[in-house]
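Engineer: Got a structure for you, questions after.
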Amino acid sequence: MSEAAEPDVMLSPGSVIPVRDEDEHLNPDFIAAVEAAIEEDNRSMLKELAGDLHEADTGDLLETLNADERAAFIRLLGDEFDYTALTETDEAVRLQVLEDLPNEVIAEGLEDLDSDDAVYILEDLDEDDQAAILEELPYADRAQLKKALDYPEESAGRRMQSEFIAVAPFWTVGQTIDYMREARDLPDSFYEIYVLDPTFKLLGSVHLDKILRTKRAEKVTSIMEETRQAVLATEDQEEVARRFERYNLVSSAVVDENERLVGVLTVDDIVDVIQEEAEEDLRALAGVGDEEISDTVVTIARSRLAWLVVNLGTAILASVVIALFEDTIEAMVALAVLMPIVASMGGNAGTQTMTVAVRGIATQELGARNLLRVLNREILVSAVNGVVLALLIGLTAWFWFASPGLGVVIAGSIIINMLFAGLSGLLIPIALDRLNVDPAIASSVFVTTVTDVVGFLSFLGIAALWFGLPF
């Protein structure tokens, strides 16, 4: 892993270009200098500008450059380009860069990476490209990466780092320290040393601070802790992230189905998982799929169109309800003015409840054990908010149209729709989750449909009955 970069780049004595501006965005002057160095094919200038950048800054820079400049940027940097930067870019940018580079160049760059970073870069490629790049790697690295890629997507096995330190149970602390001093292929950073039996089964782990504070003659088993939070390699990464959060873990062993140690997960990987899962849920709630800022117009349009078509269908359903009361609306035009308010308030209330419910399901805070309590709470909240809003809009309609009856009608429909909004916002995500459908993706469409249909139906229906209007 590269070290954190200095905040400024020195081009010549007295000439400094800050890498980032006051808002922590890449400095336009710095970007312009990099682009000029690429255009002039000036290797020395580009290395001075970007050779020592942190991989996160390099990733942002790659996303800023256009497609033609990215390959030239990597070619000019040569050995000084840190391929870890590709883990900091959008998927579309990463794939485009990999397509423009020869397989042997990619393989050479991957050799210097931790296995988890190499897997992250390879996993989005198709199988043929993966195989071609893996063939360029040494056998040991190739076998290690193939094994990780065989695990399911978004599993602990895909996220784990295959490099770790393991010792036999009969080793002493002194032997362990000597081994760490002399071995050349240790991980770049580690927090625990794992103790394995002759069949490679995980017996426990020892934190580095205990190693440093224990006398050399002591056996590692005397200071070993049983590994109670070992992660199964096939376990979903979101479940693993919750475990890290719950038990405040810094690292965790990853084992296979036979309890043999196969890798290690560290908190920096879990932070990325938490961010990805949060972004995924946020995009799903808006129906925008997994699109990235760097995606093309065609990709984004195709991603959004499916849910827009579904929304079109639900909008037509709401229009059908309105059409049932065509004569009612024609007899009292004020109804057409007020009915969007009922649907809008119900939709907003339903979205509030749905957001809380989806988060509760995702964090496993909402389940069968507390469903009834949460349901009662949402009914009470919806009733209280419904009454307050009903009074406000009821009085408004009364004075606006000089009709106390119209105020009563809209007040009643507001209360009804708010109750349905609270119920649907809670129960629909739970029902979808029970059906193994991601509630973050599908809930909003159904909740909006319920609040629109119930809102129009209750408002227009009550109005027709109250004023004796034709259906």
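Engineer: For the subset of region 44-94 comprising residues that are acidic (Asp, Glu) and not in a helix (DSSP H, G or I), which member is surrounded by the most Cβ atoms within 10 Å (Cβ to Cβ)? Break it down stepwise before answering.
Structural biologist: From region 44-94, those acidic (Asp, Glu) are 48, 52, 55, 57, 60, 63, 68-69, 79-80, 82, 88, 90-91; that's our starting set.
Okay, now just the ones that are also not in a helix (DSSP H, G or I), so 52, 82, 90.
Numbers: ASP52: 17, ASP82: 23, ASP90: 16.
Filtering region 44-94 for residues that are acidic (Asp, Glu) and not in a helix (DSSP H, G or I), the one surrounded by the most Cβ atoms within 10 Å (Cβ to Cβ) comes out as ASP82.
Engineer: Let me ask you something else. For THR355, are the conditions met, namely being over 24 Å from GLY461 (Cβ atoms), hydroxyl-bearing (Ser, Thr, Tyr), assigned to a helix (DSSP H, G or I) and assigned by TED's automatic domain parsing to the domain that holds ASP452? Full working, then the answer.
Structural biologist: Working: over 24 Å from GLY461 (Cβ atoms): yes; hydroxyl-bearing (Ser, Thr, Tyr): yes; assigned to a helix (DSSP H, G or I): yes; assigned by TED's automatic domain parsing to the domain that holds ASP452: yes.
It is true that THR355 is over 24 Å from GLY461 (Cβ atoms), hydroxyl-bearing (Ser, Thr, Tyr), assigned to a helix (DSSP H, G or I) and assigned by TED's automatic domain parsing to the domain that holds ASP452.
Engineer: Restricted to region 401-438, and to residues that are among the charged types (D, E, K, R) and not in a loop (DSSP other than H, G, I, E, B), which residue is surrounded by the most Cβ atoms within 10 Å (Cβ to Cβ)?
Structural biologist: If we filter region 401-438 for residues that are among the charged types (D, E, K, R), which is where we start, we get 433-434, 438.
Next cut, not in a loop (DSSP other than H, G, I, E, B) only: 433-434.
Values: ASP433: 19, ARG434: 10.
Ranking the candidates gives ASP433 first.
Engineer: Something else about it: Sort through ASP256, ASP236 and tell me the only one that's free of Cβ contacts under 8 Å to residues at least 60 places away in the same chain, surrounded by 13 or more Cβ atoms within 10 Å (Cβ to Cβ), within 26 Å of the chain's Cα centre (by Cα) and outside the structural domain of ASP117 (by TED's automatic domain parsing).
Structural biologist: Numbers: ASP236 fails: free of Cβ contacts under 8 Å to residues at least 60 places away in the same chain.
So the residue among ASP256, ASP236 that is free of Cβ contacts under 8 Å to residues at least 60 places away in the same chain, surrounded by 13 or more Cβ atoms within 10 Å (Cβ to Cβ), within 26 Å of the chain's Cα centre (by Cα) and outside the structural domain of ASP117 (by TED's automatic domain parsing) is ASP256.
Engineer: Something else now. Looking at region 155-170, can you tell me whether even one residue there is out of contact with any helix residue (DSSP H, G or I) (no Cβ under 8 Å at 6 or more places or on another chain) and within 16 Å of TYR83 (Cβ to Cβ)?
Structural biologist: So far as region 155-170 goes, no, none of its residues is out of contact with any helix residue (DSSP H, G or I) (no Cβ under 8 Å at 6 or more places or on another chain) and within 16 Å of TYR83 (Cβ to Cβ).
Engineer: Only one of these conditions is not met by ALA230: (1) farther than 30 Å from TRP171 by Cα; (2) modelled with pLDDT under 90. Which number is it?
Structural biologist: It fails just one condition, (1).
Engineer: Which helices (runs of 4 or more DSSP H) sit wholly inside region 193-274 and have at least 1 residues that are over 30 Å from ILE361 (Cβ atoms) and not β-branched (Val, Ile, Thr)? I'd like the intermediate steps shown before the answer.
Structural biologist: Details: elements: 208-213, 220-223, 237-247.
Counting at least 1 such residues, we get 208-213, 220-223.
Engineer: Then there is this: Give region 117-142 a look and list any residue that's hydrophobic (A, V, I, L, M, F, W, C), more than 26 Å from the chain's Cα centre (by Cα) and at pLDDT below 90, or say none. Let's see the steps before the verdict.
Structural biologist: Quick first cut of region 117-142, residues hydrophobic (A, V, I, L, M, F, W, C) only: 118-119, 121-122, 125, 131-134, 137, 140.
Remaining after also requiring more than 26 Å from the chain's Cα centre (by Cα): 131-134, 137, 140.
Answer for region 117-142, where residues must be hydrophobic (A, V, I, L, M, F, W, C), more than 26 Å from the chain's Cα centre (by Cα) and at pLDDT below 90: just ALA140.
Engineer: With (1) among the hydrophobic types (A, V, I, L, M, F, W, C); (2) within 30 Å of VAL358 (Cβ to Cβ); (3) not in a helix (DSSP H, G or I) as the list, and VAL445 as the residue in question, which single condition is left unmet?
Structural biologist: (3)
Engineer: Separate question: Within region 192-223, restricting attention to residues that are among the aliphatic types (A, V, I, L, M) and in contact (Cβ under 8 Å) with a residue 40 or more places away in the chain, which residue is surrounded by the fewest Cβ atoms within 10 Å (Cβ to Cβ)?
Structural biologist: Selected residue: ALA217.
Engineer: Restricting to region 163-191, and then to whatever is assigned to a loop (DSSP other than H, G, I, E, B) and at pLDDT 90 or above, can you tell me which residue is surrounded by the most Cβ atoms within 10 Å (Cβ to Cβ)? Steps first, please.
Structural biologist: Start the filter on region 163-191 by keeping residues that are assigned to a loop (DSSP other than H, G, I, E, B), which leaves 163-165, 168-171, 183-191.
Next, only the ones that are at pLDDT 90 or above stay: 164-165, 168-171.
Working: PHE164: 20, ILE165: 17, ALA168: 15, PRO169: 14, PHE170: 10, TRP171: 16.
Checked region 163-191; the qualifying residue surrounded by the most Cβ atoms within 10 Å (Cβ to Cβ) is PHE164.
Engineer: For residues in region 290-304 being of a type in the set (A, V, I, L, M, F, W, C) and loosely packed, with under 12 Cβ neighbours inside 10 Å, which is modelled with the lowest pLDDT? Spell out how you get there, then give the answer.
Structural biologist: In the first step, residues of region 290-304 are kept if they are of a type in the set (A, V, I, L, M, F, W, C); the result is 293, 297-298, 300-301.
Add one more test, that the residue is loosely packed, with under 12 Cβ neighbours inside 10 Å, and what stays is 293, 297-298.
On the way: ILE293: 61, VAL297: 73, VAL298: 75.
Residue satisfying both the conditions and the ranking: ILE293.
Engineer: To continue, here is another question. Identify the single condition in (1) under 18 Å from SER458 (Cβ atoms); (2) surrounded by 15 or more Cβ atoms within 10 Å (Cβ to Cβ); (3) not small (Gly, Ala, Ser) that TRP398 does not satisfy, given that it satisfies every other one.
Structural biologist: (1)
Engineer: How about region 454-471: which of its residues are over 15 Å from LEU338 (Cα atoms) and in contact (Cβ under 8 Å) with a residue 40 or more places away in the chain?
Structural biologist: Step one: of region 454-471, the residues over 15 Å from LEU338 (Cα atoms) are 465-471.
Selection gives TRP466, PHE467, LEU469, PRO470, PHE471.
Engineer: Of all residues in region 391-414, which are among the hydroxyl-bearing types (Ser, Thr, Tyr) and within 13 Å of ILE341 (Cα to Cα)?
Structural biologist: Residues of region 391-414 among the hydroxyl-bearing types (Ser, Thr, Tyr): 396, 403, 413.
Matches in region 391-414: THR396, SER413.
Engineer: Same structure again: Could you tell me whether region 432-439 includes any residue that is in the same structural domain as GLU326 (by TED's automatic domain parsing), modelled with pLDDT under 85 and closer than 19 Å to GLN352 by Cβ?
Structural biologist: yes
Engineer: List the number of the failed condition for THR353; all other conditions in (1) more than 22 Å from LEU432 (Cα to Cα); (2) of a type in the set (S, T, N, Q); (3) in contact with a Gly (Cβ under 7 Å, 6 or more places away or on another chain) hold.
Structural biologist: Of the numbered conditions (1) more than 22 Å from LEU432 (Cα to Cα); (2) of a type in the set (S, T, N, Q); (3) in contact with a Gly (Cβ under 7 Å, 6 or more places away or on another chain), the odd one out for THR353 is (1).
Engineer: Against the conditions (1) out of contact with any Lys or Arg (no Cβ under 6 Å at 6 or more places or on another chain); (2) closer than 30 Å to LEU145 by Cα, where does ARG43 fall short? Just the number, please.
Structural biologist: (2)
Every residue, every condition in (1) closer than 23 Å to ILE430 by Cα; (2) modelled with pLDDT of 85 or more; (3) not β-branched (Val, Ile, Thr), yes or no:
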| position | (1), (2), (3) |
| --- | --- |
| ASN311 | yes, no, yes |
| MET339 | no, yes, yes |
| ALA349 | yes, yes, yes |
| THR363 | yes, no, no |
| ASN376 | yes, yes, yes |
| VAL381 | yes, yes, no |
| TRP398 | no, yes, yes |
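Engineer: Sticking with this structure for a sec: Within region 315-344, take every residue that is closer than 30 Å to GLU280 by Cα and in contact with a Phe, Trp or Tyr (Cβ under 8 Å, 6 or more places away or on another chain) and give me the one that is surrounded by the most Cβ atoms within 10 Å (Cβ to Cβ). Full working, then the answer.
Structural biologist: So in region 315-344, the residues closer than 30 Å to GLU280 by Cα come out as 315-318, 343-344.
From what's left, in contact with a Phe, Trp or Tyr (Cβ under 8 Å, 6 or more places away or on another chain): 318, 343.
On the way: ALA318: 19, ALA343: 21.
That would be ALA343.
The values are calculated or read from the model by the stated rules, or taken from the named source; none is laboratory data. Keep in mind the model is a prediction, meaning the values are calculated, not measured. Don't worry about glycine lacking a Cβ; one is built from the backbone with ideal geometry, like all the others, and counts go over all protein chains shown.
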